[in-house]
Structure formats: structure tokens, C-alpha cells
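Below: the structure, in C-alpha cells.
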């Protein structure tokens, strides 16, 4: 999941009430811009995350 085009994956499920969405490549993206990869690794939210 380190491919440079990872961010080009399409959203297949979105749960705004819970703050997350599932991409077609198995990555779970959170509204605070953090990510959970299919292999269990996480990418923390960055300081300039999504506006509330």
C-alpha cells in the first residue's frame, strides 16, 4: 500500500456520522486525514487535518 497512486483509489463506503470512509484498495480514511492500511499499519493525522 505504499504505491504513489494510493490516494487515487475510489471511495466505496462512507460513514460521515462516524468520520470514516473505505477506499476500493482497502484503506480506511478518517475525516481527520489519518489512515488505516489493510496490513494494519496506520498513518497518523497530520496537524493541518480537515477543518471541523
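Derivation of every value follows stated rules applied to the coordinates shown; laboratory data play no part. The structure displayed is predicted, hence computed values, not measured ones. Cβ: placed from backbone, ideal geometry, glycine included. Neighbour counts: every protein chain shown.
Neighbour counts of other Cβ atoms within 10 Å put 11, 23, 36 in the fewest-to-most order 11, 36, 23.
For the pair residue 39 and residue 24 in one chain, pulling the backbone fully straight at 0.36 nm per residue adds 3.9 nm over the alpha carbon distance. Remark: spin-label model distance residue 46-residue 12 equals 2.6 nm, labels positioned 7 Å along the Cα→Cβ axis.
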